[in-house]
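The structure appears right after this line, and notes come after that.
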Amino acid sequence: MKTVNVGLIGFGTVGTGVVKTLLSKRRSLESRSGVSINLAKIADLNLRPRIGVRVPKKLLTRNVDSVIKNRNIDIVVELIGGIHPAKEIILKSARLGKHVVTANKALLAEHGREIFSLASKFKTFVGFEASVGGGIPVINVLKNSFVANDIEVIHGILNGTTNFILSKMSEEKCAFNEALRDAQKRGIAEKNPKLDISGADSCHKLCLLALLGFGLSVKPKDIYTEGIEKVSPIDIEYAKNWGYAVKSLAIAKKVGSKLDLRVHPALISLKKILASVKYEDNAIFIRGNMTGEALLYGKGAGELPTASAVVSDIVEIAKNVDDFKKSKNPFKLEFAGSVKKVRKMHDLTTRYYVRFSVIDKPGVLAGISGILAQNGISISTVSQKERKRGQPVPLVMLTHEANEGSMQKALDRIDKLSYVTEKSVEIRIEQ
Ligand code: HSE
């Protein structure tokens, strides 16, 4: 039986899951793939024992080059994250003819084009199933299962940290900071949660979904991205009363020959399935012209779900390792689909939830609605629950369909009014 040697770089949480899996499931992976998958080296700066797995000492090294340059190693698994030196590790490995498996969405979103084209040149494969949705096999589904479809929409909840925070704020009526602290205590949010909270992590993942679903190579800067910091418990309460949940959504939607790409908090109807995706779970809807709507749902992070995705790539490569070198059609992800470019955010048309902070006095509603009207924005519902004469109160409304550019213009003017006390908060409503 053929043996394929794997070198792992990065023995952290996911790396530990991969090691556990490769060591404990060797027989079953062998019988399912017809290839013997041998974990040959593990590189990390920290070589202390990991809980739940005993690793033969001879596998461990602090020297990354001893993995990359090892002639026997066929597949390099990069699980250190970040841009540098992960990028150099992957490029060097590909140049040496090694296949690569990574979970590094930030790196692929920023430098995927360079990495994929080098892999193509050297006839090696880059597996990145673990980079989006943890254990949810969305990469394989888009690359293979949906290949006959023109994809119309991909949208979903791609970040467990923000979904946990928003769910906890909604279910347990707590403030953002308390929800974040709880997420950190449970190991769901990082000590520095900026990447998740700001929407950047979802944006990186959406770059990869746009490439696989629509053939379009985009960078994070091409995607309109908003974090969840502006959402307050009062927004969640108002939304709930009007029949909506507040979720951080990642959206890729075909509009003519353009692709609407955005990550932001959104109100979605409580009747929609996505509204019931709670806490750290992820869910991704894909609508193909042949399949209609399909839903992938599950654990978007964690040691074993993510390791499951990494090992699926390793097995896929191991099964085809000889074919890649002979292939006339090397690794390629961009394709000529019907989508040509990203649509500008100010061209979006959608409904809005808007919360103004205003002094409670006569004429305020007239002033605000006047500016909205001058910008072609029509109000569908208004609520001012609090009554504090002469004091700041929230004035909350839903609009009919409006143009994003017009909405931003109107909000700029409204925020300068003397009786508006804080920056207005607008949350788009996703149908
Ligand atoms: N930090 C991510 C999340 C998981 O909270 O979903 C890894 O992408």
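The values are calculated or read from the model by the stated rules, or taken from the named source; none is laboratory data. Keep in mind it's a predicted model, so treat the numbers as computed, not measured. Note that we place each Cβ from the backbone using ideal geometry, even for glycine, and neighbour counts take in every protein chain shown. These accessible areas exclude ligands, DNA and RNA; they are computed on the full protein's heavy atoms, side chains included. Shrake-Rupley method; radii C 1.70, N 1.55, O 1.52, S 1.80 Å.
Expressed as a whole percentage, what fraction of the accessible surface of the stretch 145-299 belongs to carbon and sulfur atoms when a 1.4 Å probe is rolled over the protein heavy atoms?
51 percent
Taking the highest mean first, how do the peptides 47-55, 311-319 order by number of other beta carbon atoms within 10 angstrom per residue? The partial results should precede the final answer.
On the way: 47-55: 11.9, 311-319: 21.9.
Taking the mean over residues of other Cβ atoms within 10 Å, the ranking is 311-319, 47-55.
With every protein chain kept in place and ligands, DNA and RNA left out, what is the accessible area per residue of the stretch 145-299? Probe 1.4 Å, answer in Å².
40 Å²
Give the span of the stretch 145-299's Cα atoms along each principal axis, as three whole-Å numbers ordered largest to smallest.
The Cα atoms of the stretch 145-299 stretch 45, 32, 24 Å along the principal axes, largest first.
Can you compute the equivalent ellipsoid semi-axes for the chain, i.e. the square root of 5 times each eigenvalue of the Cα gyration tensor, sorted largest first and rounded to whole Å?
Its equivalent ellipsoid spans semi-axes of 46, 23, 17 Å.
Please give the contour-minus-distance gain from Arg32 to Arg389: 0.36 nm per residue of separation, less the Cα-Cα distance, rounded to one decimal in nm.
Here the answer is 121.3 nm.
Tell me, what % of the accessible area of the stretch 335-431 is carbon and sulfur with a 1.4 angstrom probe?
51 percent
Per residue, how large is the accessible surface of the stretch 345-429? Use a 1.4 angstrom probe and give square angstrom.
Ligands and nucleic acids excluded, the figure is 47 Å² per residue.
How big is the stretch 305-431 by the Kirkwood estimate over distinct Cα pairs, in Å?
18.6 Å
Rounded to a whole number, what is D in µm²/s for the stretch 52-107 from Stokes-Einstein with the Kirkwood radius over alpha-carbon pairs (20 °C, 1.002 mPa s)?
Translational diffusion coefficient: 177 µm²/s.
Take each of the peptides 195-207, 24-36, average the number of other beta-carbon atoms within 10 Å over its residues, and list them starting from the highest.
The peptides rank, most packed first, as 195-207, 24-36.
Can you give me the Kirkwood hydrodynamic radius for the stretch 1-151, using every pair of distinct Cα atoms, in Å to one decimal? The partial results should precede the final answer.
On the way: mean 1/r = 0.0622 Å⁻¹.
It works out to 16.1 Å.
Would you calculate, for the chain, the mean residue ellipticity at 222 nm contributed by helices, counting each DSSP H stretch of 4 or more residues as -39,500 (n - 2.57) and dividing by all residues, to the nearest 500?
Mean residue ellipticity, 222 nm, calculated: -10500 deg cm²/dmol.
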